[in-house]
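Enquirer: One structure coming up, written as structure tokens, with questions to follow.
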Amino acid sequence: MSVKKKPLVVVTRKLPDSIETRMRELFDARLNLDDTPMTPEQIADAVRTADVLVPTVTDMISEVILKDPECKLRMIANFGNGVDNIDVTAAHARGITVTNTPKVLTEDTADMTMALILAVPRRLIEGSTILTEGKNWEGWSPTWMLGHRIGGKRLGIVGMGRIGQAVARRARAFGLQIHYHNRRPVAPKIAEELGATYWESLDQMLARMDIISVNCPHTPATYHLLSARRLKLIRKDAYIVNTARGGVIDEDTLIKLIEAGDIGGAGLDVYEHEPAINPKLVRLARAGKVTLLPHMGSATIEGRVEMGEKVIINIRTFLDNHKPPDRVLPSML
């Protein structure tokens, strides 16, 4: 009696142990145990051999790779919510199913966004380094290390999807006034719950906010959505928090405006050219003008395990000849 051959699943990065163990049980899983990022050449080789590729946000699955005549991929099960690392149109044209892992990272990312909203005006990182880097602290003073209160300030959310709404719920509990720009208004019930004011014009909203939170997906339409022109609309005492994607903001212009004192500051978890970080941002961080984190927005054990479970469900559903629950089509982007 012949044994049915398991599909070959190539995983580009190290995943939680429980997820990797389950993948080994279900598939012929080729894992990346030392977590060394795969080169473009290694990814190109993988698509020639694998039935399913499991990439992450750091792996670029380009049209060139997918148009390889020897490509035998049937599915790309992305370990991540966004799919800006994948040419979904090229995959669809080739008959390759693409899935992602939505919804499981909403609360974690919103928590980190709120942390940055608090950290920048209250100068948390500056205060911490006074104690941890051997600087002289002479004790409490009524006029030293003064920040800004956030209660009563206007928060402008760019992108009012699941994460934007979760940020709004947290921010409202801290007494912030909620404003937002989106492709379309949220349902009246949600707007009422959040006390949220809709701005059809992003320009008009940016010019009136104390804090701006970027929570939209990175798509061709949102690349440099906060362009040089729009960044110049922002008030001098306002600041920006970005836990979405670095490419949504014109980073060079943001740096110049903060350096010149034309924007109050920023809290950034993502960068336009990551993992490379502009040295000017580092200098601004040392000067207390920005707070920088290394793309930690979704970095919780629970979140990573739930992402892996979604990847497995998508793959198994696809291999059972059913529509995966998290399929991504070009028309959805």
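Enquirer: Most mobile of Ile255, Ile240, Ile190 per a Gaussian network model of the chain (Cα springs, under 10 Å)?
Expert: Ile190
Enquirer: Still on this structure, please answer the following. Enter the accessible area of Lys103 (Å², nearest 10), with the probe set to 1.4 Å and all protein chains included.
Expert: Estimated to the nearest 10 Å², Lys103 gives 140 Å².
Enquirer: Would you look at the GNM of the chain, springs on alpha carbons closer than 10 Å, and say which of Leu66, Leu254, Leu131 moves the most?
Expert: Leu131
Enquirer: Another one. Taking the full set of protein chains and a 1.4 angstrom probe, give the accessible area of Glu193 in square angstrom, rounded to the nearest 10.
Expert: Accessible surface of Glu193 is approximately 90 Å².
Enquirer: At a 1.4 Å probe radius, carbon and sulfur cover how many percent of the accessible area of the chain?
Expert: In the chain, the share of accessible area belonging to carbon and sulfur is 53 percent.
Enquirer: Additional query: Scan the chain and report its longest stretch carrying no chymotrypsin sites (Phe, Trp or Tyr not before Pro) that are both in a DSSP loop and have at most 12 other Cβ atoms within 10 Å.
Expert: Answer from the scan: 145-333.
Enquirer: At 222 nm, what value in deg cm²/dmol follows for the chain if DSSP H runs of at least 4 each add -39500 (n - 2.57) and the sum is divided by all its residues, to the nearest 500?
Expert: -10500 deg cm²/dmol
Enquirer: If the cut-off is a Cα-Cα distance under 29 Å, which lysines reach Lys280, setting aside same-chain residues fewer than 8 apart in sequence?
Expert: Qualifying lysines at Cα under 29 Å: Lys135, Lys153, Lys232, Lys236, Lys256, Lys289.
Enquirer: Leu329 to Asp252: FRET efficiency via 1/(1 + (r/R0)^6), r the Cβ-Cβ distance, R0 25 Å, to the nearest 0.05?
Expert: 0.15
Enquirer: Moving on. Of all beta bridges DSSP finds with both residues in the chain, what is the antiparallel percent, to the nearest 5?
Expert: Given both bridge residues lie in the chain, the antiparallel proportion sits at roughly 5 percent.
Enquirer: Under 10 Å, Cα contacts only: if you run a Gaussian network model on the chain, which one of Gly303, Gly156, Gly147 comes out with the highest mean-square fluctuation?
Expert: Looking only at Gly303, Gly156, Gly147, the biggest GNM fluctuation is shown by Gly147.
Enquirer: Which of the GluC sites (Glu not before Pro) found in segment 124-158 are in a DSSP loop and have at most 11 neighbouring Cβ atoms, other than their own, within 10 Å?
Expert: Qualifying residues, ordered by number: Glu133, Glu138.
The values are calculated or read from the model by the stated rules, or taken from the named source; none is laboratory data. All of these numbers come straight from a predicted model, not from anything done at the bench. Reconstructed Cβ throughout: ideal geometry from the backbone, glycine too, with neighbour counts over all protein chains shown. Remember, those area values only see protein heavy atoms, side chains included, never the ligands or the DNA or RNA. Shrake-Rupley method; radii C 1.70, N 1.55, O 1.52, S 1.80 Å.
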